[in-house]
Amino acid sequence: MLRFGVISDTHGVSPAIDAALRAIGEVDGYLHLGDVVSDAERIAKETGKPVHAVRGNCDTLSFSEKDQPVERVLEIEGARLLLVHGHRHEIDMYTTYAARQRAIELGCGALIYGHTHIPQLVQRDGIIVLNPGSPARPRAGAKPSCAVLEIDGGKLRAKIITL
């Protein structure tokens, strides 16, 4: 079984990132869903763990951020994951439909996204839809949050962690 910390919309707020890393605990790696990708680089340096990142709508500041894709498919232990920030996949506070269809088209068992700063964990259209929320700038009355994703023999299990 592999365990990943899932974090998004950190916006350079170090105390929030630190709180999320403590809450997530021991993991095999991290998924960072954009805004701000340089935070993903910091997490990789500080933890020594791999970080798979995608670029968000606020990631235009450095060359390293521009080098990150806006969409990434990962295949881990027989599970396929679609990682997006969401700003280029028609995600907003009300719908993930276009992004879910993209995940299904790519044969993914999960859509993992950010952008809204609102945590979500549901099963829709036969796939897991996970937004870890934001540890730094939650919206719509949500509390600061992150998530953990476990992958075991192709099976996915996730949980949202409120900070």
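The values are calculated or read from the model by the stated rules, or taken from the named source; none is laboratory data. Owing to the predicted nature of the structure, the values given are computational and were not obtained by experimental measurement. When we count neighbours, we look across all protein chains shown, and the Cβ atoms used for this are built from the backbone with ideal geometry, even at glycine.
Structure summary
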read-out	value
Residue that is farthest from the chain's Cα centre (by Cα), among those in the range 154-163 that are part of a strand (DSSP E or B) and touching a residue at least 12 places away in the same chain (Cβ under 8 Å)	Lys155
Criterion violated by Ala16 - all others in (1) of a type in the set (A, V, I, L, M, F, W, C); (2) touching a His at 6+ places or on another chain (Cβ under 7 Å); (3) more than 30 Å from Gly107 (Cβ to Cβ) satisfied	(2)
Long-range neighbours under 7 Å by Cβ, at least six apart or interchain, first residue touching a residue at least 40 places away in the same chain (Cβ under 8 Å) within the range 122-148, second among the basic types (Lys, Arg) and assigned to a strand (DSSP E or B)	Ala147/Lys159; Val148/Arg3; Val148/Lys159
Subset tally (residues that are in a loop (DSSP other than H, G, I, E, B) and farther than 15 Å from Arg3 by Cβ) for the range 118-153	16
Residues (buried (at least 24 other Cβ atoms within 10 Å of the Cβ) and without any contact (Cβ under 8 Å) to a residue 60 or more places away in the chain) located in the range 1-35	His32
Residue within the range 83-91 that is modelled with pLDDT of 95 or more, under 19 Å from Val129 (Cα atoms) and not in a strand (DSSP E or B) present	no
Test result for Asp59, more than 14 Å from the chain's Cα centre (by Cα), under 23 Å from Ile118 (Cβ atoms) and surrounded by 20 or more Cβ atoms within 10 Å (Cβ to Cβ)	yes
